[in-house]
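Below is one structure, written out as structure tokens, with a few remarks after it.
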Amino acid sequence: MIGQQLTQFLINEQRKVPGATGELTLLLNDIASACKAIGHEVNRGALAGNLDVIGTENVQGEVQKKLDILSNDIFIRSLEWTGHLAAMASEENDEIIPIPAEYPRGKYLVAFDPLDGSSNIEVNLSIGTIFSVMRAPEGKATITAEDFMQKGTAQVAAGFCIYGPTTILILTTGQGVNGFTLDRNVGEFVLTHPNVRVPEDTSEFAINMSNHRFWEEPVRRYVDECVQGKAGGREKDFNMRWLASMVAEVYRVLMRGGLFTYPMDEKLKSKGGRLRLLYEANPMGFIIEQAGGVASTGRERILDIQPTGVHQRVPVILGSKNEVERLVSYHQ
Ligand code: AHG
Ligand code: MN
Ligand code: MN
């Protein structure tokens, strides 16, 4: 029902699952609170000195901005004490993040990208937080990185919060996808986009065109056909978008369809791809599939990949079914 607050929505969903303990509801509520706090710092921007570059590098050799670190700290501090988690994994931490000994340990694991699209911070474009929730193994004294090596199909929930003109939380627990807009006056997320579905067809694609000369043949063929439009074999014009912010691209795909890809290319070969499996590709793949779209590397379904590392990268092609399937078929 449109207008429901997130908490009420989650409890209604929980009641549909026989034997549910409510722990996932509480965890998702706490994640939503963390996103509200991160969104607040994003909005305060330069007024709070939040746009500074601090110049340190994360494990992936990327320059960290103050908001990357701030968002990471807020997420960890908001979740570590709650008793719902056994450990966390973040883009900004080399190793997995244990729960401090003074707090109880819960039954879930969360992998997250505290701030996605951070090259957009200083230009005031949409950025966001991505998260993936998995079950922790039961009865283990110490959680290790190995415990996070679960296929995307094992995700219990996934979502992202986009800090754009409005702050919107997109969520799936495997029963479709719903979107909640933050009502700042009340301080609550409100259901505004129930049962989001990705249209099967689209005439919009998103790719970083500057990598054209590094692409593999299937990607080059697909994009070249789109660019040729009516004058080419597809006899249809396409439009292109590139925001350099996966949350913003995936949000657009959820709202009106499209194909988004960060494919394998010549200079990414040694890294495996650009986007990270555990906290970018898997949660977004889960959301897109739950909304009726498709998510693939070009050679296999994203959610079927057996992870081998916390910061493992993979090629990503996701969005409207018919276009993603076409690009995947070019890989065969
Ligand atoms: P992050 O800001 O978390 O490092 O992720 C940025 C990602 C993704 O959001 C976006 O699709 C892509 O990197 C943009 O890469 P390019 O700058 O190569 O276009
Ligand atoms: Mn990211
Ligand atoms: Mn990030």
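Surface composition of region 233-322: carbon and sulfur atoms hold 47% of the protein heavy-atom accessible area at a 1.4 Å probe. Rolled with a 1.4 Å probe across the full set of protein chains, the surface gives Ser78 an accessible area near 30 Å².
Averaged per residue, what accessible surface does the chain expose to a 1.4 Å probe, in Å²? Write down the numbers at each step before the final one.
Working: 14050 Å² over 332 residues.
Heavy-atom accessible area per residue stands at 42 Å².
Structure remark: mean-square fluctuation, Gaussian network model of the chain, C-alpha springs under 10 Å; the largest value among Val294, Val63, Val133 belongs to Val63. Over the chain, the ratio between the Cα radius of gyration and 2.2 N^0.38 Å evaluates to 0.97.
Computed from Cα atoms, the angle from the helix 217-228 axis to the main principal axis of the chain rounds to 70 degrees.
Take Ile74: with every protein chain present and a 1.4 Å probe, its accessible area is about 30 Å². Counting only protein chain heavy atoms and rolling a 1.4 Å probe, the accessible areas of Met149, Met88 rank, largest first, as Met149, Met88. Per the 1.4 Å probe, what fraction of the accessible area of region 6-193, in percent, lies on carbon and sulfur atoms? Answer for region 6-193: carbon and sulfur cover 51 percent of the accessible area.
Count of lysine pairs in the chain with Cα atoms under 18 Å apart, counting only pairs 8 or more residues apart in sequence or on different chains? Intermediate results must be reported in sequence, preceding the final value.
Values: Lys36/Lys66; Lys107/Lys140; Lys107/Lys151; Lys236/Lys321.
Lysine pairs satisfying the spacing and distance rule in the chain number 4.
Against the chain, whose longest principal axis comes from its Cα atoms, helix 321-330 is set at around 60 degrees. Relative to the longest principal axis of the Cα atoms of the chain, helix 23-44 runs at roughly 70 degrees. Shown are Trp215, Trp81, Trp242, whose ranking by accessible area with a 1.4 Å probe and every protein chain present, most to least, is Trp81, Trp242, Trp215.
Against the empirical 2.2 N^0.38 Å scaling, what ratio does the C-alpha Rg of region 204-331 come to? Numbers along the way, then the final one.
Values: Rg = 13.7 Å, N = 128, 2.2 N^0.38 = 13.9 Å.
Ratio of Rg to 2.2 N^0.38 Å for region 204-331: 0.98.
Counting only DSSP H runs of at least 4 residues, each contributing -39500 (n - 2.57), and dividing by the residue count of the chain, the helix-based mean residue ellipticity at 222 nm comes to -8500 deg cm²/dmol. Note on Lys269: accessible area is roughly 100 Å² with a 1.4 Å probe, heavy atoms of protein only.
The values are calculated or read from the model by the stated rules, or taken from the named source; none is laboratory data. Fair warning: this is a prediction, and the values are worked out from it, not measured in the lab. We work out accessible area using only protein heavy atoms, side chains counted, and drop any ligands, DNA or RNA first. Shrake-Rupley method; radii C 1.70, N 1.55, O 1.52, S 1.80 Å.
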